[in-house]
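Enquirer: To start, I am sharing the structure in question, which I have written as structure tokens.
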Amino acid sequence: MTEYRLTKGRHYALTVMYIGGPKLNDEGHSKCSVFDLTFSIVHESQLVEEVKCAASDDVPSLSAALPKKITDRDLDSHGEYTFDKVVKLAYPHDFQHVEKTAATPRTRGSARDIARENIEIQLEKNFDISASIEHEYDQALFTLELAE
Amino acid sequence: MSAAANSGEILQRGIAACPEAANGDILPPQIFASKSATKGGGELHIDANGHFMRRFRDVLFKMSREYSEVSPESDRVELAVDQDSLLHLTFLYEAYEANEIRAVLTDTWMLGQQVTPQTSFKV
């Protein structure tokens with residue numbers, strides 16, 4: 001994923017270069033390759049306008065909606081706990097503790113803004129955990145990483 | 001662009017040998033800043049709400065007969081904006097050996113000066 005800022009009135013050219021040689025199958029014959037490209041342009045002013053949260057909006061903010069602690073009492077009869085909600089990233093509340101990180105090899109050469117939310121998990125038995133996130137706006141704006 | 005690619009030979013050769021790409025998309029030569037900037041032929045453009053979003057599927061990965069980083073096959077998309085904007089590109093492809101897609105954005109009004117991405121990462 002790559003993000004660029006485009007300036008009003010300028011003209012740009014995007015060059016997509018294909019580096020590589022033919023892929024060979026088991027018989028040594030070359031196979032073709034295809035790819036998908038999601039191409040998104042949005043006016044900054046429009047984006048700011050569209051992601052404003054109305055005061056009457058009843059969608060909870062991320063930091064308010066996430067549980068602070070999960071214990072055995074929160075598990076259902078199958079021994080599972082599920083958090084599945086639509087939440088918003090509300091400015092400024094959800095951005096108060098955003099950490100800015102410099103570009104490093106670990107971040108694959110990009111600077112990032114990271115908002116951490118800690119959830120304490122106190123369970124008697126071993127457990128598996130998984131998480132995913134879907135976005136209303138451009139899929140490339142945010143991502144989610146679980147860390148123990 | 002190489003002479004072969006410019007002639008359309010690469011594309012035709014690729015599609016002939018690549019049934020997946022036969023029904024796939026081709027990257028557009030230009031994305032216009034607005035509908036009024038188009039030539040009226042249904043060209044791709046940023047809509048009245050300031051959005052353009054399109055997923056181009058099964059685009060042919062144009063491969064040379066020989067591996068080359070110096071003069072690889074390429075596609076070129078020109079674009080213009082009439083307001084400050086954000087451009088997001090997300091490539092999805094199967095990685096193997098040394099194959100790679102590199103995207104370079106240049107400002108054609110600044111003598112082709114390369115634009116540095118704000119963010120870029122691979123998954």
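Enquirer: Identify all residues within the stretch A:7-48 that are of a type in the set (Gly, Ala, Ser) and either at the interface with chain B (Cβ under 7 Å from one of its Cβ atoms) or within 21 Å of B:MET53 (Cα to Cα) (or both); write none if there are none.
Expert: Scanning the stretch A:7-48 gives A:GLY9, A:ALA13, A:GLY20, A:GLY21, A:SER33, A:SER40, A:SER45.
Condition check ((1) at the interface with chain A (Cβ under 7 Å from one of its Cβ atoms); (2) charged (D, E, K, R); (3) assigned to a strand (DSSP E or B); (4) touching a residue at least 40 places away in the same chain (Cβ under 8 Å)) across all residues:
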{"position": "B:VAL59", "(1), (2), (3), (4)": "yes, no, yes, no"}
{"position": "B:LYS62", "(1), (2), (3), (4)": "yes, yes, no, yes"}
{"position": "B:SER74", "(1), (2), (3), (4)": "yes, no, yes, yes"}
{"position": "B:ALA95", "(1), (2), (3), (4)": "no, no, no, no"}
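This table checks each residue for (1) modelled with pLDDT of 90 or more; (2) under 20 Å from B:SER85 (Cα atoms); (3) not in a loop (DSSP other than H, G, I, E, B).
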{"position": "B:GLN12", "(1), (2), (3)": "no, no, yes"}
{"position": "B:LYS39", "(1), (2), (3)": "no, no, no"}
{"position": "B:MET53", "(1), (2), (3)": "yes, yes, yes"}
{"position": "B:SER68", "(1), (2), (3)": "no, no, no"}
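Enquirer: Given the conditions (1) of a type in the set (Ser, Thr, Tyr); (2) surrounded by fewer than 12 Cβ atoms within 10 Å (Cβ to Cβ); (3) touching a helix residue (DSSP H, G or I) at 6+ places or on another chain (Cβ under 8 Å), which single one is not true for A:THR82?
Expert: (3)
Enquirer: May I pose another question? List pairs: first residue in the stretch A:77-90 and touching a residue at least 24 places away in the same chain (Cβ under 8 Å) and aliphatic (A, V, I, L, M), second residue outside any loop (DSSP other than H, G, I, E, B) and surrounded by 10 or more Cβ atoms within 10 Å (Cβ to Cβ) anywhere in the structure, Cβ distance under 8 angstrom, at least six positions apart or on different chains.
Expert: Listed by first residue and then by second, the contacts come to A:VAL87/A:SER61; A:VAL87/A:LEU62; A:VAL87/A:ALA65; A:LEU89/A:SER61; A:LEU89/A:LEU62; A:LEU89/A:PHE95; A:ALA90/A:SER61; A:ALA90/A:LEU62.
Enquirer: Can I ask one more? Which of the residues that make up the stretch B:105-120 are of a type outside the set (S, T, N, Q), within 7 Å of chain A (Cβ to nearest Cβ) and surrounded by fewer than 16 Cβ atoms within 10 Å (Cβ to Cβ)?
Expert: B:TRP109
Enquirer: Next up: Being under 15 Å from A:TYR12 (Cβ atoms) and more than 8 Å from every other protein chain (Cβ to nearest Cβ) narrows it down to one of B:HIS88, B:HIS45, so name that one.
Expert: B:HIS45
Enquirer: Identify the residue in the stretch B:75-97 that is of a type in the set (Gly, Ala, Ser) and buried (at least 20 other Cβ atoms within 10 Å of the Cβ) and, among all such residues, is farthest from A:ARG5 (Cα to Cα).
Expert: Going through the qualifying residues, I end up with B:ALA80.
Enquirer: Would you call A:SER45 small (Gly, Ala, Ser), over 30 Å from B:PHE61 (Cα atoms), under 19 Å from the mean Cα position of the chain (by Cα) and not in a strand (DSSP E or B)?
Expert: no
The values are calculated or read from the model by the stated rules, or taken from the named source; none is laboratory data. Since the model is a prediction, treat every value here as computed from it, not as a measurement. Cβ sites come from the backbone with ideal geometry, for glycine too, and all protein chains shown count toward neighbours.
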